[in-house]
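> A single structure is presented below for examination.
The values are calculated or read from the model by the stated rules, or taken from the named source; none is laboratory data. Predicted model, so just to flag it, every value in this text is computed and none were measured. So basically every Cβ, Gly included, is an ideal-geometry build from the backbone, and we count neighbours across all protein chains shown.
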Amino acid sequence: MYRVQRDQRLKVTAWIDSSQIMIDNVLTAVLAIAGFGAWSIVLPKLLVAPIWVFGYRWAEPWRFNRKLGFTPFRNAFAETRGMLTSEVARSLRAQMDIFVIGRLLGTEALGLYYFARNSGLGISLSMLQAATHAMLPQLGEIGRRFGIGQELRAESLRILRLLLLIVVPVIAAQTLLAPFYVPLVFGEQWVPAVPVLMLLCLSAAPRVIGESVAQLTRATGQSHIDARWNVWSTPIFLVVVMLGTSEGLVGTAIAICIFHWLYQSLFVTSTLFGMFGRRSVDNALPARI
């Protein structure tokens, strides 16, 4: 997959990923109608996994070159430990709120929160994930050719502006229209989740900027910066969620929203200032986009 992305063959990535998602959704619907219950969600995930494996294997017929040999594990780990650390910390942060809410607020509150998170953040974060597939190889190519300078700064800000122009209207529409489309599409029983959904939607906007800067650190070989911020912010996020549960589910959503706005603002400002100086920090502010 990464070799395909490095060559910027993004049409291949789009075909493989979209095929996997569409077949997953169709199988889920068919199995649900057939009465498979919870298995209608689990089984499609297992059945479509080979599409990803064989799709990329077909797209990139790589063969091992015995003359080149293997890269020593120590060298490979030194190159990737920053990204690995970041991904582990992000995965923990992405799941710990579910466990805390389920433990402290109960299963009913957890059900409302899970619905709000999937309905509110699903579209925005999926768009962001798709954008990162294109962002990293593009920034990496600019960094390789020109180094950390004006060209890389201009390209990173151009991509950031484009992302915000696409994602922010989607977030705004989801937030403003939630009181109308939730009861219409999902039913009246999910109306209590609307305030939580709206707050979680608002927390997606700073993540767009933060993810763009995180990809910039990786493209320039400075993934340790992203790793350091993710490591120390994860236990803080846990404390924030636990404190928020004392005010109920809405209080938890408010705490999560505030956390992401503060954390991403600090991360983006500190990282851009360290790389390019004050001018880049000013240009990255949403007011200038």
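> Picking from 142, 148, which residue would you name as being modelled with pLDDT under 75, of a type in the set (Val, Ile, Thr) and either outside any helix (DSSP H, G or I) or outside the structural domain of residue 249 (by TED's automatic domain parsing) (or both)?
148
> Out of the residues in the stretch 107-130 meeting the condition of being among the small types (Gly, Ala, Ser) and in contact (Cβ under 8 Å) with a residue 60 or more places away in the chain, tell me which one is surrounded by the fewest Cβ atoms within 10 Å (Cβ to Cβ).
Going through the qualifying residues, I end up with 130.
> Test residue 69 against the stated conditions and say whether it is more than 24 Å from residue 3 (Cβ to Cβ) and assigned to a loop (DSSP other than H, G, I, E, B).
no
For every residue, the table says whether it meets (1) in the same structural domain as residue 132 (by TED's automatic domain parsing); (2) at pLDDT below 80; (3) among the acidic types (Asp, Glu).
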| residue | (1), (2), (3) |
| --- | --- |
| 17 | no, yes, yes |
| 28 | no, no, no |
| 36 | no, yes, no |
| 43 | no, no, no |
| 47 | no, no, no |
| 53 | no, no, no |
| 56 | no, no, no |
